[in-house]
Each structure stands twice: as C-alpha cells, then as structure tokens.
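As structure tokens, the structure follows; a few thoughts come after it.
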Amino acid sequence: MTVNFANGGEQKYSSNIVSISHFTDATRNIELQSNSAYIAIEFDFTKLAADTSIVLWGYSPMAFQNSYHAGWYAEVGEPSSSNYTRYYEAAHYVSPHDNAQANGNYQTLYWSGCWDSTATGLNASGTRRVRLGWQTRDGSNQRPGQRLNPDQQSARTRERTTQITVMEVYGNINRFT
C-alpha cells in the first residue's frame, strides 16, 4: 500500500485490490453422486470493473474416500451463459486411504487460482459465478468422496464447511498492494 498526502495533507491510499468477497457454504453433508461431470458447489459474486482479474482461494472439507481420480476443477464465468474459464490446476485434493470411515478420516480440497481479466466470461463487470466441480478424464462415473461439508458424521467431530475468498484486482495478479 502506498500513501499519498495530496490535497492539503489528506491521507489517500493506493491499492490494486478492487474488492474482496467471502463465501461460506451453509449447506451441510452435501451428498456427492457418481457422475462423469458434476458441479458440487456454486455461488455468485459481483465483479465491479471489466478490466480486473480474479484471484480465488479457499478449501472444502470432505468425508469418506471413493475415487482418487475424479478431476476437481474451479471455474468462473457468466451465470446466464456457458462462458466460463475452467482450471483443473485450481484444485488440489488428496484423498484419504481406502475404506476410510467417518470417525476422523476427513480430507481437505484446496482451491487456489488466478483468472486474467481477458479470460472467457470475465471481460465485463456484473454478476459472476464460481462453480466447483469435477469431470473425469475418461468419462466414467466417479465421485471423489461421499460428502462435502461433513457434519456430525461421528459423535466426536464437529461440523465443517467450505470457505472461499474471491479477490478482484487491477493489473498484476502476482503482487497485491
């Protein structure tokens, strides 16, 4: 952050961060179905300017192991169209061991990615949608786990939920001021 004492000593700040939105998923125990492609969670945010990029990060807790190879992705775009930019590399998932049961065998799906202002579906301001899902490479029906946002799967565990932060920035998406 820089400080500018223009206009008679009034303090003004300069930043390339336009806005920050945070999403907390209130839905518990989202039961995942076996499909070749599936959108598990989606939410909207408002993009304030056309020439800004999007930086997204967060996590989703998951219970039970199913398939190691379901191909999670995050995509951002226009809710009323098919204009989305999808990144498989924006999701990192490590499944628990085979036959993992409810009693503490949870895992975390990490989300982290940058979408440039020129990406499909992002070159305008207005409502934009984040979709978190998976698509198998071979087209087979799979599911990476059984439940997102697990709640009371065991007497000893507490609820957990997806937390995603979306930051809109001008210019360089590799450095924020």
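Please compute the length gained on full extension between SER81 and ASP44, using 0.36 nm multiplied by the number of residues separating them and subtracting their Cα-Cα distance. Before the final figure, lay out the partial values.
Details: separation 37, 0.36 × 37 = 13.32 nm, distance 1.35 nm.
Full extension from SER81 to ASP44 adds 12.0 nm.
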Output the relative contact order of the stretch 18-170, whole-number percent, from Cα pairs under 8 angstrom with separation of 6+ residues.
-> 46 percent
Part-to-part distance (alpha-carbon centres) for the stretch 69-84 and the stretch 113-133, which is given in Å = 9 Å
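How large is Rg over Rh for the stretch 18-170, taking Rg from the Cα atoms and Rh as the Kirkwood inverse mean of 1/r across Cα pairs? Before the final figure, lay out the partial values.
On the way: Rg = 15.9 Å, Rh = 15.9 Å.
Answer for the stretch 18-170: 1.00.
We did not get these values from a lab; they are worked out from the coordinates using the rules stated. Please read these numbers as outputs of a predicted model, since none were measured by experiment.
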